Amino acid sequence: MGKDAAEGSKKYYGSVSATGTLEFDQICSSISAYSTASPGDVKLVLDGLVFVASEALLRGEVVQFGELGNFQLKIGSGGVQDVKDYDASMFKSPHIVFRPSLRMKREISKVSVEKWPVVTVPGSGSGSGSEDDRPVIE
């Protein structure tokens, strides 16, 4: 809550939930339906794409996937006041940053949202004192 919020006040936020998962095999089948390649051929190409992209990321290159977007390896670190105090152990875990293409940005800008009813999960309130139905392991 903000510093000007009343004591005990609540704030609600919107969130987006996934409606499902598009599995890799389904992607291969769907691409195959729009081409002369078999699902196995598509899988072979996509597996090769992952291999080549991984190698490029490890070399520090930005990997550009056409109208999908770009992938880049990022690694941050902690800071120090004096450069003599810095060592490589201060690097954090690496992660991959995805930057969508302009086409992808245009496509996702078409999303619409709507308000759904507030759902209260039983026993999720703080201090309810009620136990859940999971078994207790001693």
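The values are calculated or read from the model by the stated rules, or taken from the named source; none is laboratory data. Keep in mind that this is a model prediction, so the values were computed, not measured. All Cβ positions, even for glycine, are placed from backbone atoms using ideal geometry, and neighbour counts span all protein chains on display.
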Restricting attention to the stretch 54-109, the residues that are more than 20 Å from the chain's Cα centre (by Cα) and of a type in the set (D, E, K, R) number exactly 7
Consider the stretch 46-70. How many of its residues are out of contact with any Lys or Arg (no Cβ under 8 Å at 6 or more places or on another chain), surrounded by 12 or more Cβ atoms within 10 Å (Cβ to Cβ) and not in a helix (DSSP H, G or I)?
6
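Output the residues belonging to the stretch 100-114 that are without any contact (Cβ under 8 Å) to a residue 24 or more places away in the chain and in a loop (DSSP other than H, G, I, E, B).
Residues satisfying the conditions are S109, K110, V111, S112, E114.
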Quick check: is even one residue across the stretch 33-45 in a helix (DSSP H, G or I), at pLDDT 95 or above, under 22 Å from the mean Cα position of the chain (by Cα) and surrounded by 10 or more Cβ atoms within 10 Å (Cβ to Cβ)?
no
Any residue at all in the stretch 29-40 that's of a type outside the set (K, R) and in contact with a Pro (Cβ under 6 Å, 6 or more places away or on another chain)?
yes
Here is a list of conditions, (1) touching a helix residue (DSSP H, G or I) at 6+ places or on another chain (Cβ under 9 Å); (2) of a type in the set (V, I, T); (3) in a strand (DSSP E or B), and V97 meets all of them except one; can you say which number that is?
(1)
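Answer yes if at least one residue in the stretch 13-25 is on the phi < 0 side of the Ramachandran plot and in a helix (DSSP H, G or I), and no otherwise. Break it down stepwise before answering.
We begin by selecting, within the stretch 13-25, every residue on the phi < 0 side of the Ramachandran plot; these are 13-19, 21-25.
Subset that is in a helix (DSSP H, G or I): 24-25.
Checked against the condition, which is being on the phi < 0 side of the Ramachandran plot and in a helix (DSSP H, G or I), the stretch 13-25 yields at least one hit.
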Within the stretch 76-94, track down each residue that is within 22 Å of S54 (Cβ to Cβ), part of a loop (DSSP other than H, G, I, E, B) and not polar (S, T, N, Q).
G76, K92, P94
Looking across the stretch 79-114 at residues that are surrounded by fewer than 11 Cβ atoms within 10 Å (Cβ to Cβ) and among the acidic types (D, E), the single one that is nearest to G60 (Cα to Cα) is D87
